[in-house]
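Every number in this text was worked out from the coordinates using simple rules, so none of it is lab data. As the structure is a prediction and not an experimental result, all values here were calculated from the model. Positions of Cβ are backbone-derived with ideal geometry, glycine not excepted, and every protein chain shown enters the neighbour counts.
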Amino acid sequence: MAEIPVFPAFVAAPEIDERFVLPGLGIEQRLRVPAAATGGQLCLVEQLCPPGKGPPRHVHTAQTEVLRILEGTFELEIDGAPIPAPAGTVAVIPPGRPHAFVNRGATHGRVLFLLTPGNDLAAFFRRLAELLVEGPADPDRLNRELAPFGFAITGPPMG
């Protein structure tokens, strides 16, 4: 039987979350549990998403993503199929599956997502924000820069 990794318990108050605003997308990411706190087993992020906004279509090459709609009315897209996603919806997206979501509601929505195994999302979000602050992003350049994080853009946001 494989040995189960052990790491210390981790508790974070909301005021110490690392926050990243992604220019041009209007999305705020709050890193709730960094991968370093779990020995790389997982990371947990809360996303605040304005109406009509969401991430571009993308894949995680080696991570499973579990997301839960906490507040708002969203639409998911997994493998090109649209899926209504009101508050309470949970989706499990295996590695390599193109996906995205958009807030279809009239107010800000919140999405909680867990990625496993975890990676350095703080470095990922910092680099992504740096690239987006330069103006409209070139998808080829973004993919070159973000490939080391196991992330690839496959299309525009759902909008």
Query raised in the report: If packing is taken as the mean number of other Cβ atoms within 10 Å per residue, what is the order of 79-87, 61-69, highest first?
Result: 61-69, 79-87
Query raised in the report: How far is helix 121-133 tilted, in degrees, relative to the longest principal axis of the Cα atoms in the chain, given as a value from 0 to 90 rounded to the nearest 10?
Result: 30
Query - For Ala152, distant residues with modelled amide H under 5 Å away - result: Val59, Thr61
**Report entry** Cut-off under 5 Å, modelled amide H: who pairs with Arg32 long-range
**Finding:** Leu44, Val45, Glu46
Query - Gained length - Glu130 relative to Glu3, 0.36 nm times residue gap less alpha-carbon distance - result: 41.8 nm
Report task. Give the Cα extents of segment 1-142 along the principal axes, in whole Å, largest first. Result -> 45, 33, 33
**Report entry** Ordering of 120-132, 144-156 by burial proxy (mean other Cβ atoms within 10 Å per residue, highest first)
**Finding:** 120-132, 144-156
